[in-house]
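The values are calculated or read from the model by the stated rules, or taken from the named source; none is laboratory data. Remember, predicted model here, so these are calculated numbers, not experimental data. Glycine gets a Cβ as well: all are built from the backbone with ideal geometry, and neighbour counts include every protein chain shown. Calculation scope for accessible area: heavy atoms of the full protein, side chains included, ligands and nucleic acids excluded. Shrake-Rupley method; radii C 1.70, N 1.55, O 1.52, S 1.80 Å.
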Amino acid sequence: MTIDRRDFLTGTAALAASSALVPPATAQTAAAGSSADAAALAVLDQQAEALLTAYPDGAAYLGLDSGKRLALKGKLTDRSAAAEAARRCDAAQRLARLRKIDRAALSPTVATHVETVIAAHEIALDGWQRMPVGDMAFLSNNNYRSTPYVVTQGNGAFVDTPDLLENKHQIAARADAEAYLARLEAYAAQLEAETGRIQADARQNVLLPAPFNDITVAQLRTGAAQPAAEQGVIRSFAEKTAKAGLTGDWTARATAIVDRRISPALAKQADALAALRTRAPEEGGMWRMPDAADRYAWLAEAATTTKRTPDEIHESGLEQCRAYAAELDPLLRAQGLTQGTAGERLAALGKRPELLFPNNDQGRAELLAYLNTVVAKLRPSLPKAFGKLVRGNLVIKRVPPAIQNGAPNGYAGPGALDGSTPGIYYINLRDTANWPRFELATLTFHEGIPGHIWQGEYTFDLPLIRTLLGFNAYSEGWGLYAEQIGAELGYYEGDPLGRIGYLQSMNFRAARLVVDTGLHHKKWSVDQAVRWLMAATGYTESRARSEINRYCVWPGQALGYKTGHNEINRLRDVAKQKLGAGFDVRGFNDAVVQAGGMPLGVLGQVVDRWSDAVPA
């Protein structure tokens with residue numbers, strides 16, 4: 001699929017095109033640019049601090065809640081309607097200040113930083129206006145996950161905050177432990193605030209669809225009923241305080257907060273959702289809610305940073321799936337699979353016992369160990385793909401069983417900027433039949449190295465605000481491109497099954513374009529979408545349903561993957577044609593990965609500048 005320039009979001013990207021390509025003409029203008037750059041970067045630094053204050057969860061995830069930001073250590077993001085309104089007002093003020101910067105006076109690099117931050121604020125403010133319900137997350141650390149629903153099986157404080165507390169809150173002194181207790185209190189407040197917003201949105205006829213209401217209520221009730229001593233937030237707290245050598249009644253104090261506030265808040269949220277069950281739509285698409293077409297259009301624009309219509313996206317997905325099926329056909333025939341569609345043959349391949357891990361704790365441990373061997377095998381080849389290498393600091397974990405029924409099949413979270421905590425690549429192991437061995441390398445390249453965790457570490461060299469802000473089409477497009485890098489580095493040489501897994505992954509992302517628009521624009525039922533996805537990809541019903549459930553509650557997010565991947569490859573093809581023998585894929589990869597998250601239109605200008613600078 002190709003994307004015409006007219007399809008990109010207008011305004012900011014066009015400004016970036018002009019400002020980012022104007023070099024300083026003289027020493028005098030260079031000095032002026034340096035002064036203007038310093039002033040612009042100071043503004044960006046101030047705005048980064050404002051974002052950390054507005055979304056302190058992001059400070060915790062990046063290990064920034066220490067030193068001069070120690071006050072953030074005991075805070076969590078306020079999820080109340082009043083706080084959301086304040087964030088919208090603050091964002092509008094920041095955008096007004098950004099627009100006053102004379103971008104023509106800036107160096108190309110700093111101009112790109114400014115334009116990218118402007119774009120993020122423009123998209124966010126557009127979202128607050130067009131989708132005044134649910135969670136407009138574009139400026140938060142969950143910037144990929146805007147949704148018309150405040151809480152679902154895949155988002156909400158009950159999903160996010162236990163992970164933050166267990167994996168990101170570091171304890172070295174008594175003050176850190178006190179901050180942990182403060183965050184437990186704040187967690188209860190998050191739950192209480194969300195419950196009020198769920199009820200407010202329901203008065204606007206925005207209700208979580210019934211099947212996901214059931215899943216979410218069950219998860220919340222399980223959490224509310226779990227004894228505090230068995231909860232991860234308590235067990236990990238006890239381990240951290242003991243490791244730090246802290247004496248005192250820390251566990252008892254934390255347990256009291258769980259019993260007094262958190263468990264009742266979880267139960268109250270479950271009750272609030274359950275009370276809305278009879279009014280909730282049975283189907284998962286958002287097309288039944290008020291202003292659905294415009295709300296979905298914004299979600300698609302935010303996810304892809306293009307103006308492509310749902311119909312255009314749907315048709316492009318169908319076209320790409322047909323192309324991948326044709327490419328898979330001879331590989332599947334070589335495995336003795338000659339009958340049926342590509343999806344049916346992939347399904348048969350995925351059921352072969354020798355390709356599956358046992359569906360028990362031992363099998364799950366073996367699967368995790370295998371993923372680590374994939375990382376170890378690929379690392380030595382990375383200098384062939386990149387001129388500049390980062391650490392690639394990560395650990396691989398299973399999705400916590402408490403949330404696995406509502407969680408995605410795989411995802412990643414960032415490590416601390418100073419390397420004190422690694423990035424985490426999560427894989428959902430509720431059913432190992434969902435993960436035949438030949439698919440796992442590709443998933444690891446996407447989520448870990450050289451995918452999300454690898455790419456995220458390059459942003460640590462950018463101004464802080466560029467690390468805080470993200471763009472779904474860029475990051476997920478890079479994730480798919482990282483899968484491609486793994487293949488281009490020869491990982492699948494002599495491994496035709498691995499090659500099949502790689503193409504299956506690409507085909508799956510193309511299929512997402514079809515089912516997401518099918519659900520929310522073409523009014524498909526959940527079962528229709530599940531059947532179509534199974535037929536196209538060969539996924540098990542369990543895995544396909546998990547995917548469809550995710551698209552129902554995060555409308556549009558799945559559209560960014562193939563949109564971004566296709567655009568990165570289009571830019572690469574243009575650069576190759578332009579540079580001929582002078583094209584070096586390492587230089588191209590460096591240019592893209594070091595650019596950091598940005599709209600696809602701005603990325604095109606970055607690549608143009610890189611190719612212009614390559615010696616003839």
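Report the extension gain between Lys576 and Cys89 in nm, rounded to one decimal, defined as 0.36 nm multiplied by the number of residues separating them, less their alpha carbon distance.
Length gained, Lys576 through Cys89: 170.9 nm.
Just to be sure I understand the model, the point goes 7 Å from the Cα along the line to the Cβ. What's the resulting Ala175 to Gln129 distance in nm?
The answer from the label model is 4.4 nm.
As a test, work out the antiparallel percent of DSSP beta bridges whose residues both lie in the chain, rounded to the nearest 5.
60
Taking 7 Å along the Cα-to-C-beta vector as the label spot, tell me the Asn359-Lys100 distance in nanometres, rounded to one decimal.
6.2
How far, in nm, would the chain grow between Ala81 and Thr53 when pulled straight, counting 0.36 nm per residue and subtracting the alpha carbon separation? Intermediate results must be reported in sequence, preceding the final value.
Working: separation 28, 0.36 × 28 = 10.08 nm, distance 1.66 nm.
Once the chain is fully extended between Ala81 and Thr53, it gains 8.4 nm.
Counting only protein chains, not ligands or nucleic acids, how are Ser420, Ser542 ordered by accessible area (probe 1.4 Å), most first?
Ranked list, largest accessible area first: Ser420, Ser542.
Quick one: if the Förster radius is 41 Å, what FRET efficiency do Arg235 and Asp495 give, using the C-beta to C-beta distance and rounding to 0.05?
Step by step, r from the Cβ atoms, then E = 0.55.
With labels modelled as points extended 7 Å from the Cα through the Cβ direction, what inter-label distance (nm, one decimal) is found for Lys307 paired with Lys388?
3.3
Check Thr306: other-chain or 5+ apart residues with amide H under 5 Å from its amide H, H built from backbone geometry?
Leu9
When all protein chains stay in place, what accessible area (Å², nearest 10, 1.4 Å probe) is found for Phe212?
Solvent-accessible area, nearest 10 Å²: 0 Å².
Multiplying the sequence separation of Arg531 and Thr373 by 0.36 nm and subtracting their Cα-Cα distance, what value in nm do you get?
Length gained, Arg531 through Thr373: 53.5 nm.
Along its three principal axes, how long is the stretch 244-369 when you only count alpha carbons? Whole Å, largest extent first please.
65, 49, 34
If you average 1/r over every pair of different alpha-carbon atoms in the stretch 58-124 and take one over that average, what Kirkwood value in Å do you get?
Computed over Cα pairs of the stretch 58-124, the Kirkwood hydrodynamic radius comes out at 14.2 Å.
Among Phe386, Val399, Ile313, whose Cα sits farthest toward the positive end of the charge dipole of the stretch 278-401 (+1 at Cβ of Lys/Arg, -1 at Cβ of Asp/Glu, about the Cα centre)?
Of the listed residues, the answer is Phe386.
If you wrap the stretch 222-296's Cα atoms in a convex hull and average its projection over all directions, what's the area in nm²? Present the calculation step by step, with values, prior to reporting the outcome.
On the way: hull surface 31.2 nm².
Seen from a random direction, the Cα hull of the stretch 222-296 projects 7.8 nm² on average.
Which lysines have a Cα less than 24 Å from the Cα of Lys522, not counting those fewer than 8 places away in the same chain?
Lys307, Lys562
Can you give me the accessible area per residue for the chain, using a 1.4 Å probe, in Å²?
Per-residue value: 37 Å².
With +1 on each Lys and Arg Cβ and -1 on each Asp and Glu Cβ, how big is the dipole of the chain about its Cα centre, in debye rounded to the nearest 20?
It works out to roughly 260 debye.
Just add up the charged neighbours of Arg99: K/R +1, D/E -1, any other residue whose Cβ is under 12 Å from the Cβ of Arg99.
Combined, the nearby Lys, Arg, Asp and Glu give +1.
Convert 37 °C to kelvin, take the viscosity as 0.692 mPa s, use the Kirkwood radius over C-alpha pairs of the chain as Rh, and evaluate the Stokes-Einstein diffusion coefficient in µm²/s, rounded to a whole number.
Details: Rh = 25.0 Å.
In µm²/s, the coefficient is 131.
What residues qualify as long-range amide H neighbours of Thr77, i.e. H under 5 Å apart, gap of 5 or more or another chain, H built at 1.01 Å from N?
Counting only residues 5 or more places away or on other chains, the set is Asp57.
Mind pulling up the Rg/Rh value for the stretch 423-523? Radius of gyration and Kirkwood radius, both on Cα.
Dividing the radius of gyration by the Kirkwood radius yields 1.02.
If a paramagnetic tag sat 7 Å from the Cα of Arg586 along the Cα-Cβ line, which residues of the stretch 373-395 would have the backbone N under 14 Å from that point?
Flagged as within label range: 380-390.
Skipping prolines and chain starts, which residues have an amide H placed within reach, meaning under 5 Å, of the one on Arg398, given they are 5 or more residues away or on another chain?
For Arg398, the qualifying residues are Ile427.
May I ask you to order 123-129, 422-428 by the average number of other C-beta atoms within 10 Å around their residues, highest value first?
Numbers: 123-129: 19.1, 422-428: 22.0.
Descending packing order for the listed peptides: 422-428, 123-129.
Between Ala323 and Asp418, what's the calculated FRET efficiency when r is the beta-carbon distance and R0 is 60 Å? Round to 0.05.
My answer for the efficiency is 0.85.
Determine the alpha carbon to alpha carbon distance for each of Lys388/Lys578; Lys73/Lys243; Lys168/Lys384; Lys351/Lys397 and list only those over 30 Å.
In this structure, Lys168/Lys384 exceed 30 Å between Cα atoms.
What percentage of the solvent-accessible surface of the stretch 259-376, computed with a 1.4 Å probe over protein heavy atoms, is contributed by carbon and sulfur atoms? Don't skip to the end; give the middle numbers.
Working: 2980 of 5620 Å².
Heavy-atom surface of the stretch 259-376 belonging to carbon and sulfur, 1.4 Å probe: 53 percent.
For Ala182, put the label point 7 Å out on the Cα→Cβ axis and report which residues of the stretch 43-57 keep their amide N under 19 Å from it.
Backbone N within reach: 49-57.
So, counting K/R as plus one and D/E as minus one, what does the shell of residues with Cβ under 14 Å around Asn405 add up to?
+3
Take every Cα-Cα pair in the stretch 166-262 and report what % of them are more than 16 Å apart.
On the way: 2906 of 4656 pairs.
Pairs farther apart than 16 Å: 62 percent.
Keeping all protein chains in place and using 1.4 angstrom, which order do Tyr458, Tyr324 fall into by accessible surface area, from largest down?
Result of the area sort, largest leading: Tyr324, Tyr458.
Using the beta-carbon distance between Gln339 and Ala275 and R0 = 60 Å, what value does 1/(1 + (r/R0)^6) give for FRET efficiency, to the nearest 0.05?
Efficiency at R0 = 60 Å is approximately 0.75.
Within the accessible area of the stretch 462-504, what % is carbon and sulfur when the probe is 1.4 Å and the other protein chains stay in place?
Numbers: 460 of 980 Å².
Summing carbon and sulfur atoms, their accessible area is 47 percent of the total for the stretch 462-504.
Under the rule that an exposed site lies in a DSSP loop and has at most 11 other Cβ atoms within 10 Å, name the longest stretch of the chain with no GluC sites (Glu not before Pro) of that kind, not counting the sites themselves.
No qualifying site falls inside 1-281, the longest such stretch.
More than 25 Å apart: what percent of Cα pairs in the stretch 100-214 qualify?
Above the 25 Å cut-off, the stretch 100-214 has 44 percent of its Cα pairs.
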